[in-house]
1. So what J values fall out for the stretch 241-253 if you push phi through Karplus, 6.51 cos²θ - 1.76 cosθ + 1.60 with θ = phi - 60°, rounded to Hz, Gly and Pro as x?
2. What does the accessible area per residue of the stretch 33-83 come to in Å², with a 1.4 Å probe and no ligands, DNA or RNA counted?
3. How much length is gained on full extension from GLU174 to GLU302, taking 0.36 nm per residue of separation minus their Cα-Cα distance?
4. Ignoring everything except DSSP H segments at least 4 long, calculate the 222 nm mean residue ellipticity for the chain; use -39,500 (n - 2.57) per segment, divide by total residues, nearest 500.
5. Please state the shape class of the chain: rounded when a/c is under 1.5, otherwise prolate if a/b exceeds b/c and oblate if not, all from the C-alpha gyration tensor.
6. In whole Hz, what ³J(HN,Hα) sequence does the stretch 271-280 give by Karplus (6.51, -1.76, 1.60; θ = phi - 60°), x for Gly and Pro?
7. Beyond a 22 Å Cα-Cα separation, which of these cross-linked pairs lie in this structure: LYS12/LYS37; LYS19/LYS309; LYS37/LYS185?
8. Where the accessible area of the stretch 14-158 is counted over protein heavy atoms with a 1.4 Å probe, how much of it, in %, is carbon and sulfur?
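The values are calculated or read from the model by the stated rules, or taken from the named source; none is laboratory data. Computed from a prediction, not measured in an experiment: that's the story for all the values here. All Cβ positions, even for glycine, are placed from backbone atoms using ideal geometry, and neighbour counts span all protein chains on display. The accessibility values were calculated without ligands, DNA or RNA, using every heavy atom of the protein model including side chains. Shrake-Rupley method; radii C 1.70, N 1.55, O 1.52, S 1.80 Å.
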Amino acid sequence: MSRCPKVTVDIKKLRTNAKTINNLCVLNDITFAGVVKGCNGIPKCAEILAEEGAEYIASSRLSQLKKIRKCGIYTPMMLIRIPMISEAEETVKWTDISLNSEMEVIRAINAEAEKQNKIHSVILMVDLGDLREGFWEDEKLLNAVKEIEFDLANVYLAGVGTNLGCYGAISATEEKMQQLVSKAKIVEEVIGRKLDYVSGGGTTSIPRIIEKDMPKEVNMLRIGEAVLLGRDLKDIFPKEYGKIHNDVFKLHLEVIEIKDKPTYPVGEIICDGFGLHNTYEDRGIRKRALLAAGKIDYGFPEMLIPTDKGVSVVGASSDHTIVDIEDSEAEIAIGDILTFELSYANLVYATSSEDVEIEIIV
Ligand SMILES: *Cc1c(COP(=O)(O)O)cnc(C)c1O
């Protein structure tokens, strides 16, 4: 048993999720790009996604893709954050395709690809209102398209794509997907050929498939959450495609103190260590446990889901978590380990924290 805090990864469950999502994509003629940024690009997870049919391994961070490739995984790598111009060389070296929105960067990639004797593929991003990355005006998009297609010998225009549901929290409606398709059509007109990919977003675009109103031209999705965690679509995902487990990843924390204490702080209340004003409910004296990990390790305490239904998270500081164990199902003692299921945000932090061990369970 490795030390705590740790995250366990249930490989069987991850494989089931990957099979299900791949099945969904295959049956709808969609290329599945498996996004691993949610678990800090754990190479074993990337391997499972690739084995179950992901045609690309994708991450927003080049460092993760590099780590995965160095582990001997040769599935094509996709960089899904616009490359920094300063990482043009490494982008060409470690990835096969990247999402882009700036000609300056694409020209730098072209120069690097020439040096490395490679052809690097790009998907041009269009912003449909979520207001993160992507071209806003058609004219600028088409200028970029022409330059890539006709002037840059070492960059291949593989497609157009969009991202929704991030900054602007914009829903991937049928209308947004149709807008993306019409962008693809004007691009295809300019270059006189079909694009390989119309890349319609991530997990938040899956409802279009489920509700059967995804335009047939959208032929790639870049999916992370649905395969790693599957909480976003929990209530709507159809069983016919297979099962999705929500507990591939679990967080395990060790108990360092157990005491009966008041639930309402004693003294004059100011703000906590992070400058936040918290509210406290007075529930009298209750038994609680202190766990050896905190916000640094998982981000948001209120999003942790204790597997013991009688345990509740009361609060946390940087390095400590306080849980109410008055009504716990199990008898809890010093040195015991409490287990939590995670939200996406918890998963991102926990798998990135230096102090949290990763244990692969095969
Ligand atoms: C994170 C990300 C995805 C994957 O999103 P999920 O919600 O995890 O499926 C897809 N595309 C881009 C550009 C992203 O940044």
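1. Per-residue couplings from phi come out as 7, x, 9, 10, 8, 8, 10, 4, 10, 9, 9, 10, 10 Hz.
2. On the way: 1710 Å² over 51 residues.
Normalised by residue count, the accessible surface of the stretch 33-83 is 34 Å².
3. Net length gain for the segment: 42.7 nm.
4. Numbers: 11 runs with 107 residues, N = 362.
Helices in the chain give a 222 nm mean residue ellipticity of -8500 deg cm²/dmol.
5. Details: a/c = 2.11, a/b = 2.07, b/c = 1.02.
It is prolate, given that a/c is not under 1.5 and a/b is the larger ratio.
6. Once rounded to whole Hz, the list reads 10, 7, x, 9, x, 9, 9, 9, 10, 10.
7. Numbers: LYS12/LYS37 20 Å; LYS19/LYS309 30 Å; LYS37/LYS185 31 Å.
Over 22 Å apart, Cα to Cα: LYS19/LYS309; LYS37/LYS185.
8. Values: 2850 of 6010 Å².
Summing carbon and sulfur atoms, their accessible area is 47 percent of the total for the stretch 14-158.
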